[in-house]
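See below for the structure under consideration.
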Amino acid sequence: MSDILTCAKCDAKNRVTTTPAGQVPVCARCGSPLPWLHDGTDATFDSDIQAGVPVIVDFWAEWCGPCRIMGPILEQIAQEMPGKVRIVKVNVDENPRTPALFGVQGIPTLVMFRGGEQVDEIVGVVQKPLLVERIKHLQALG
Ligand SMILES: [Zn+2]
């Protein structure tokens with residue numbers, strides 16, 4: 001499985017397959033860290049939550065109105081914080097196992113991971129400045 005990540009600096013499209021542990025994906029053209037937002041699945045979840053930066057998992061679905069508010073906020077954060085955060089979008093209809101594992105009751109639910117461990121959770125829509133604060137707090141945890 002691979003993801004196409006577009007560089008926020010030079011607009012180059014990068015095909016990213018695996019990113020070595022502790023590293024972040026960088027642009028093949030200009031070397032800048034790439035905005036790291038991609039789809040996750042039940043099958044890939046264990047590796048999706050591994051990263052040297054905070055990971056936010058967005059549990060969402062097509063039919064969920066509030067998820068349509070949350071989606072663009074997460075895209076903006078990915079664009080504005082390349083190399084600082086990994087955002088994984090999990091469609092709960094297509095991937096029922098992972099949300100069940102984390103006891104997700106309603107969506108959108110954001111579950112945050114640091115070093116593969118769950119460290120925070122936000123249920124419902126959260127405004128961007130608050131979410132950025134939470135991510136910065138997770139970064140401070142080292
Ligand atoms: Zn670039």
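The values are calculated or read from the model by the stated rules, or taken from the named source; none is laboratory data. Small disclaimer: the values here were computed from a predicted structure and weren't measured. Positions of Cβ are backbone-derived with ideal geometry, glycine not excepted, and every protein chain shown enters the neighbour counts. When the accessible area is computed, the model is the full protein with side chains, heavy atoms only, and any ligands, DNA or RNA have been set aside. Shrake-Rupley method; radii C 1.70, N 1.55, O 1.52, S 1.80 Å.
Taking a straight line from the alpha carbon of Lys9, these lysines sit under 17 Å away, with near neighbours fewer than eight places off in the same chain left out: Lys84. Express the accessible area of the stretch 36-140 per residue in Å², computed with a 1.4 Å probe while the remaining protein chains stay in the model. Heavy-atom accessible area per residue stands at 47 Å².
Between the Cα long axis of helix 128-140 and the first principal axis of the chain there is an angle of about 70°, rounded to the nearest 10.
Ligands, DNA and RNA excluded, the heavy atoms of Phe59 present near 0 Å² of accessible surface to a 1.4 Å solvent probe.
Seen against the Cα atoms of the chain and their longest principal axis, helix 65-80 is set at about 20 degrees. For the chain, the mean projected area of the C-alpha convex hull, equal to one quarter of the hull surface, is 7.8 nm². Per-residue packing, averaged as other Cβ atoms within 10 Å, sorts the ranges 75-83, 126-134 into the order 75-83, 126-134, beginning with the highest.
Only protein atoms count toward the accessible area here, which uses a 1.4 Å probe; on the chain, the carbon and sulfur part of that area reaches 51 percent.
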